[in-house]
Amino acid sequence: ALGNIYRNLREFDNAIESFNKAVSLAEKNESDSLCSTLGNLATIYNQIEDYDNAIKILQKGLPIALATGSKQSEGSMLTSLGIAFFQKGDIEKAVDLVMESIKVTRQIGDRQGECMSLHNLSNFCLQIEDYENCFKHSRNGLEIAKEIGIRPSEASAYYNIGTCHFFKGE
């Protein structure tokens, strides 16, 4: 929790220090929270544009999620990895990772995870000017967001749809 507070305050060095301490503790005592803690640490690195460290951490966490059978953690790690690879410019790998995340979240019925992965995929498509796929993924995410009542995800989907129309001159 302290790491998240520091992240929200944009005190990233303190956030990294807190999450590293949490990782050490989780490795010894709380293996159930290890994937989540690694994911939070990787989010900081993505946020400060240190994609290599984010990828390194997520590549450490993904096998743990697989070994423990935590499909929700697996889906989250795959999407976070996809974001880091996208930011590094490896679009194909990023899309593949997020598509794999969507597959995993659908398998376990994690509608919120699927919605978030679809939103990230639509963001990728928007940035690479693949408007048709952006429309498709945004609409699919919007449908889920409405179904389960995630208003911020609804707003994000509408934003991407509107932005696609704008860039297409519509």
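The values are calculated or read from the model by the stated rules, or taken from the named source; none is laboratory data. These numbers come from a predicted model, not from an experiment. Counting neighbours? That spans all protein chains shown, and the Cβs are built from the backbone with ideal geometry, glycine included. Side chains included, ligands, DNA and RNA excluded: accessible areas come from the protein's heavy atoms. Shrake-Rupley method; radii C 1.70, N 1.55, O 1.52, S 1.80 Å.
Please work out how many pairs of lysine residues in the chain are eight or more positions apart (or on different chains) and have Cα atoms closer than 23 angstrom. Lysine pairs meeting the criterion: 21.
Accessible surface for the chain, divided over its residues, is 54 Å² per residue with a 1.4 Å probe. Distance between the pseudo-spin-label points of GLN59 and TYR159 (7 Å out from Cα toward the beta carbon): 3.1 nm. The alpha carbons of the range 47-169 stretch over 46, 31, 22 Å along the principal axes, in descending order. Estimated at the nearest 10 Å², the accessible area of TYR45 is 30 Å² with a 1.4 Å probe. Counting only cysteine Cβ atoms and a cutoff under 4.7 Å, the chain contains unmatched residues CYS35, CYS115, CYS164. Plainly put, the range 13-82 has a radius of gyration that is 0.95 times its Kirkwood radius, both from alpha-carbon atoms, as the Rg/Rh ratio. When +1 charges are put on Lys and Arg Cβ atoms and -1 charges on Asp and Glu Cβ atoms, the dipole computed for the chain relative to its Cα centre reaches about 280 debye. With every protein chain in place and a 1.4 angstrom probe, the accessible-area ranking of THR43, THR163, THR68, largest first, reads THR68, THR43, THR163. Tell me the net charge near ASN46. Cut-off is 13 Å between Cβ atoms, ASN46 excluded, with +1 for each Lys or Arg and -1 for each Asp or Glu. Around ASN46, the charge tally is 0. What the Cβ-Cβ distance of ILE48 and GLU170 gives, at R0 = 30 Å and to the nearest 0.05, is a FRET efficiency of 0.25. Share of carbon and sulfur in the accessible area of the chain stands at 49%, probe radius 1.4 Å. Solvent-accessible surface (1.4 Å probe) assigned to LYS21 amounts to roughly 120 Å².
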